[in-house]
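The values are calculated or read from the model by the stated rules, or taken from the named source; none is laboratory data. Owing to the predicted nature of the structure, the values given are computational and were not obtained by experimental measurement. A quick note on method: Cβ atoms are made from the backbone with ideal geometry, for glycine too, and the neighbour counts reach across all protein chains shown.
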């Protein structure tokens, strides 16, 4: 290693925090492609800096998993870009952010960004991605409402929960949505969900590949059930699907059709935007 190369950082995450390394790895695999669907050089940089057996642990990515992860991230990117176009000095709160590199993809140079994650995840993120003047890291469980006290929503707020809620219990998901609706009127929560069949497989320990066992996923939601999120709080004003766009090869050709097939669409993974009413 030459003197101008940064020292490699050892990652020692387990259980749910380790999923941050899984998603980072697959995004980086996709970002290395010349025909990538997500321009994410920061993810590539992080994988090269982290001392961790990515391929040995997670297996080789033949292109499908990386593309699917990138398309999911793209859904969140577009929602944030739309929010920042309307509220350029607003606040973006990223719950369970792990090693997501969204800030480097869509930041507008004026917004405030807040990361809320478990202490071990925040410590690794701080070492690899030291926060800038408009970034803050909060070492706190997302189920602990104290993080809400740290959010200034005066100029608008958008909250993301990417790759997170499936690891919470159903009651915790409901309480989180209700808490956000209560504390951030006029704000938006963008979340993703795995379908119920996938949640069952994870909880039964059937999602295993190479040396990696996916953690249990207690909360699942079929895409057709998204309107039930409104029961969490009377302040939920709107719920809408955020569908992936683009795609390469077979994935790109099939996505528009799958979204319109009732049986398939109802049981697919979903990204949903939940808007809270003003008070």
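Quick look at the numbers
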item: Residue match in segment 181-197 (condition: in a helix (DSSP H, G or I), within 19 Å of the chain's Cα centre (by Cα) and over 23 Å from residue 123 (Cα atoms)); result: yes
item: Test: residue in segment 177-194 that is surrounded by fewer than 20 Cβ atoms within 10 Å (Cβ to Cβ) and within 30 Å of residue 62 (Cβ to Cβ); result: no
item: Test: residue in segment 16-33 that is part of a loop (DSSP other than H, G, I, E, B) and either within 22 Å of residue 243 (Cα to Cα) or touching a residue at least 24 places away in the same chain (Cβ under 8 Å) (or both); result: yes
item: Single residue of segment 65-92 satisfying the filter (free of Cβ contacts under 8 Å to residues at least 40 places away in the same chain and either assigned to a helix (DSSP H, G or I) or closer than 18 Å to residue 249 by Cβ (or both)) that is nearest to the chain's Cα centre (by Cα); result: 77
item: Condition broken by residue 44, with the remaining ones in (1) free of Cβ contacts under 8 Å to residues at least 40 places away in the same chain; (2) within 23 Å of residue 9 (Cβ to Cβ); (3) touching a helix residue (DSSP H, G or I) at 6+ places or on another chain (Cβ under 7 Å); (4) not in a helix (DSSP H, G or I) satisfied; result: (4)
item: Of the criteria (1) without any contact (Cβ under 8 Å) to a residue 12 or more places away in the chain; (2) part of a loop (DSSP other than H, G, I, E, B), which one residue 215 fails; result: (1)
item: Residue selected from segment 247-269 under the condition without any contact (Cβ under 8 Å) to a residue 12 or more places away in the chain and part of a loop (DSSP other than H, G, I, E, B), by the criterion surrounded by the fewest Cβ atoms within 10 Å (Cβ to Cβ); result: 260
item: Some residue of segment 167-179 being under 24 Å from residue 52 (Cβ atoms) and modelled with pLDDT of 95 or more; result: yes
item: Residue match in segment 232-247 (condition: modelled with pLDDT under 95 and touching a helix residue (DSSP H, G or I) at 6+ places or on another chain (Cβ under 6 Å)); result: yes
